[in-house]
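Structure, as structure tokens:
The values are calculated or read from the model by the stated rules, or taken from the named source; none is laboratory data. It should be emphasised that the depicted structure is a prediction, and the values quoted were computed from it without experimental measurement. As a convention, Cβ positions derive from the backbone with ideal geometry for all residues, glycine included, and neighbour counts pool all protein chains shown. For the accessible areas, the whole protein counts, side chains as well, though only heavy atoms, and no ligand, DNA or RNA atoms are used. Shrake-Rupley method; radii C 1.70, N 1.55, O 1.52, S 1.80 Å.
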Amino acid sequence: MAKLRIAGITRESVTDGPGIRLVVYTQGCPHRCEGCHNPETWDVSGGYEIDSEKILELIANNPLLAGLTVSGGEPFLQEKNLLELVLKVADLGRNTVIYTGYTFEELMKISEKKPEVLEILQTADYLVDGRFLQDLKNLKLPFRGSSNQRFIDLKKTFSQKQIVECQWE
Ligand code: SF4
């Protein structure tokens, strides 16, 4: 079973996507956004390793959870293990939100060399994309830190072949 290097887990959150969610903070981030709330996640050798199976158990054993949110750090640094986790969460019938410092377009470019990235995007449900930009910080935005970031509905984006953003207000 795959292992992920993570900074920590929040078992029940209502601020990281729709419904009550288990949040996994991945370890390692190259983006270095000014004003980042989790700079302790930047060091790729920090944090600790956890079996994906343990994360799945926490989700399966809590019927209140709508799904999993993978935050950071930068989750796409661990694309192979992230794919395995996201596939198994889908098997459980729960949804997945992924926060990333890359834009959707950058990830599509990266996926030309790393096909797992495309598989993740086609399996997960939502993507919150783009670096946190201090100048565009807005505390009123649901589930996002700055207004450049988009809360993307991945299923609709692939079926409609254009980026479809969720409107949560
Ligand atoms: S992408 Fe997220 S975790 Fe990484 S530096 Fe930016 S705000 Fe921090």
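Just to confirm my numbers, what's the Cα centroid distance between the stretch 1-75 and the stretch 135-169 in Å? After rounding, the separation between the Cα centres reads 19 Å.
A DSSP coil position with no more than 15 other Cβ atoms inside 10 Å describes the following GluC sites (Glu not before Pro) in the stretch 1-91: Glu34.
Counting only protein heavy atoms and using a 1.4 Å probe, the accessible area of Phe104 comes to about 20 Å².
Give me D for the stretch 81-169 in µm² s⁻¹, whole number, from Stokes-Einstein with Rh from the Kirkwood sum over alpha-carbon pairs, 4 °C and 1.567 mPa s.
It comes out at roughly 95 µm²/s.
Working from Cα pairs under 8 Å separated by at least six residues, relative contact order for the stretch 3-160 is 20 percent.
Need one word for the stretch 3-160: rounded, prolate or oblate. Basis is the Cα gyration tensor (sqrt eigenvalues a ≥ b ≥ c); a/c below 1.5 gives rounded, then a/b vs b/c decides. Verdict is rounded for the stretch 3-160. Compared with the direct C-alpha span, the chain from Lys137 to Val44 gains 30.9 nm at full extension, assuming 0.36 nm per residue. In the structure shown, the pairs Lys109/Lys161; Lys109/Lys156; Lys3/Lys109; Lys3/Lys88; Lys54/Lys80; Lys109/Lys137 are assessed against 22 Å; a Cα-Cα span above that value is assigned to Lys3/Lys109; Lys109/Lys137.
Bridgeable aspartates and glutamates around Lys113 (alpha carbons under 17 Å apart, same-chain partners fewer than 8 residues away excluded): Glu79, Glu105.
Calculated FRET efficiency, Lys3 to Asn148, Cβ-Cβ distance, R0 = 35 Å: about 0.60 to the nearest 0.05.
Largest first, the three principal axis extents of the alpha carbons in the stretch 1-95 are 36, 29, 17 Å in whole numbers.
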